[in-house]
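Below: one structure, written as structure tokens.
Please treat every number below as a calculation from the coordinates, not as lab data. As the structure is a prediction and not an experimental result, all values here were calculated from the model. Neighbour counts are summed over all protein chains in view; Cβ atoms, including those assigned to glycine, are modelled from backbone coordinates with ideal geometry.
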Amino acid sequence: MSTLLFVGLGGFFGAVARFLISGWVQRLLSFTFPLGTLTVNVLGSFLIGFLFLLFEDFVSPNLKAALITGFLGALTTFSTFSYETTNLIMEGAFLRALLNVLLNVLLCLTATYLGMGAYKLIFKV
């Protein structure tokens, strides 16, 4: 039961962070392209790559659940990505929709890899 509370608490803060960061980036750049969602997805991908390795040995299971499943699960969002991509397709913006898919997949995989690399560089693993 306590793990569920940790996941829920992490999810609350992750959802709030997504809302704030995504909105801020979108307003700052004022693009019709969903850069806010891309930003939180790439940031979350980097963090999960780094934190997953960091937490393997140093963090309690409850804190792992709160930060990885809860916070990062709510920070990054496949459903928003899917919705925004579908809207771009329905608007006839096929090139932007394809770009959104490619950037989210390639940048998020790269960010996860870089996060893991950063961990290994810092901790000399």
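Could you say which residue among 80, 86 is among the β-branched types (Val, Ile, Thr) and touching a Ser or Thr at 6+ places or on another chain (Cβ under 6 Å)?
80
Taking the numbered list (1) surrounded by 18 or more Cβ atoms within 10 Å (Cβ to Cβ); (2) basic (Lys, Arg); (3) within 30 Å of residue 89 (Cβ to Cβ) in turn, residue 64 passes all entries but (3). Taking the listed residues 80, 76, 69, the one that is over 25 Å from residue 117 (Cα atoms) and touching a residue at least 24 places away in the same chain (Cβ under 8 Å) is 80, with no other qualifying.
From 43, 99, grab the single residue that is over 20 Å from residue 116 (Cβ atoms), touching a residue at least 60 places away in the same chain (Cβ under 8 Å), of a type outside the set (Val, Ile, Thr) and out of contact with any helix residue (DSSP H, G or I) (no Cβ under 6 Å at 6 or more places or on another chain).
Working: 43 fails: over 20 Å from residue 116 (Cβ atoms).
The unique qualifying residue is 99.
Does residue 94 satisfy being free of Cβ contacts under 8 Å to residues at least 40 places away in the same chain, surrounded by fewer than 19 Cβ atoms within 10 Å (Cβ to Cβ) and of a type in the set (Phe, Trp, Tyr)? So residue 94 fits the description; yes. Of the residues that make up the range 115-124, is at least one out of contact with any Phe, Trp or Tyr (no Cβ under 7 Å at 6 or more places or on another chain) and among the hydroxyl-bearing types (Ser, Thr, Tyr)? Checking the range 115-124: not a single residue is out of contact with any Phe, Trp or Tyr (no Cβ under 7 Å at 6 or more places or on another chain) and among the hydroxyl-bearing types (Ser, Thr, Tyr).
The residues of the range 2-23 that are within 17 Å of residue 78 (Cα to Cα), surrounded by 16 or more Cβ atoms within 10 Å (Cβ to Cβ) and not aliphatic (A, V, I, L, M), listed by number, are 11, 14, 18, 22.
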